[in-house]
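Only the coordinates and a few stated rules stand behind these numbers; no lab work does. Model, not experiment: these values are computed from the prediction. Here Cβ is always computed from backbone atoms with ideal geometry, including for glycine, and neighbour counts include all displayed protein chains.
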Amino acid sequence: MKNLGEILSEARKKKHISLSHAASDLLIKKEHIEALESQNWSELPEPTFVKGFIKSYATYLGLDTDHILAIYRREFDESKFPGPHKNPRAEKRLFLTPTRIINLIFVCAVFIFITYILVTFSSILSAPKLEVLSPQADVTTSVPVVQVTGKTDPEATVSIAGEFVPVDNQGNFSKEYSLKVGRNEIEIISSKRLSPKAQIIRIVRLLR
C-alpha cells in the first residue's frame, strides 16, 4: 500500500507539474511540499496547517481530499513528529523592530519621569542642610556681641533666635547677636516649604 507522500508525488509527476510550479500555484513553500511528499513531518508546521496544505494539494492534484486526509491521520503520529525543530538560541534572540524600539523609548521615558518625580519629592520632603560656622559649640566670651554665621540651601529661610535673616544666592547667612550676662542659648533654624526644619542650638556664655 502506498503511503501519503508517494500518492502525492506520483499524482504530481503524472500531471507533469514541478515542485516549484505547484508551490507557486498553491502559495505554499516549496520546502513544505517536498516535506509532504517525503513525509518529513519535522520540517512542517503545526498539524492544523499541515492538514490545510494536504487538502489544498490534494484538490490541486485532483485527488479525493477525504481519502487523502484519512491516510494522513492514519500515518501521522503527533508525538513522534511534534513539528519543526526550533533553535532555542534563535527564540531567545532579541529582534529589534520599529514597534519594539518605540515601546523601549516609551518605557525609558516613563522611567526617567518617575525618577525625576521621586528625586524632586525627596528633595522637597527632606530637611535643608544647615551648617553654623560661628560661634562654635559651647563657648565662653567676654565680648557682649557675637557674629552668628552659617550656610544652608539658597532657597531656604533662616531664623536666628526667632528673627529671620537674609540668605544669599550661595546659601550664606550672617547676623550679630547681642549676648546677656551668663548663659545664652542661640537657636538657628533653616526651613523650606513642605520640608522638615533643620535646627542647631549654640550655647554662648558671657562673663561679667
Any idea how far apart A127 and R205 come out in nm if each label point goes 7 Å out from Cα toward Cβ? 2.7 nm
Taking all pairs of distinct alpha-carbon atoms in the range 94-208, Kirkwood radius in angstrom: 17.0 Å
For S134, S159, which order do you get if you count the other beta carbons within 10 Å of each Cβ and list the fewest first? S134, S159
In whole Hz, the Karplus estimates of ³J(HN,Hα) for the range 19-33 (6.51, -1.76, 1.60; θ = phi - 60°; x where Gly or Pro) are 4, 5, 5, 5, 4, 5, 5, 8, 6, 10, 4, 4, 4, 5, 5
Once S42 and V145 are pulled to full extension, the length gained, defined as 0.36 nm per residue separation minus their Cα-Cα distance, is 27.5 nm
Under Karplus coefficients 6.51, -1.76 and 1.60, residue-wise ³J(HN,Hα) of the range 184-195 in Hz, glycine/proline x: 10, 10, 9, 9, 10, 10, 10, 9, 10, 4, 6, 10
Could you give the length gained on full extension between S195 and R100, defined as 0.36 nm per residue of separation minus the Cα-Cα distance, in nm? 30.1 nm
Which ordering of K14, K51 is given by a fewest-first count of other beta-carbon atoms within 10 Å? K14, K51
Once the Cα gyration tensor of the chain is diagonalised, what are the square roots of 5 times its eigenvalues, in whole Å and ordered largest first, as equivalent ellipsoid semi-axes? 95, 15, 12
Please identify which residues in the range 177-200 have an amide N closer than 17 Å to a label point set 7 Å out from the Cα of A137, following the Cα→Cβ vector. 184-189, 198-200
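From the gyration tensor of the Cα coordinates in the range 14-66, what semi-axes in whole Å does the equivalent ellipsoid have, largest first, with each one equal to sqrt(5λ)?
Numbers: eigenvalues 55, 36, 19 Å².
For the range 14-66, the ellipsoid semi-axes come out as 17, 13, 10 Å.
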Starting from 0.36 nm per residue, how many nanometres of slack lie between K51 and D168 once their C-alpha separation is accounted for? 33.9 nm
So what's the back-of-envelope 222 nm ellipticity for the chain, counting only DSSP H runs of four-plus at -39500 (n - 2.57) apiece and dividing by all residues, rounded to 500? -13000 deg cm²/dmol
For K129, the lysines lying under 26 Å Cα to Cα, once residues fewer than eight places off in the same chain are dropped, come out as K151, K175, K192, K197
In nm, spacing of pseudo-spin labels at H21 and D66 (7 Å Cα→C-beta vector): 3.1 nm
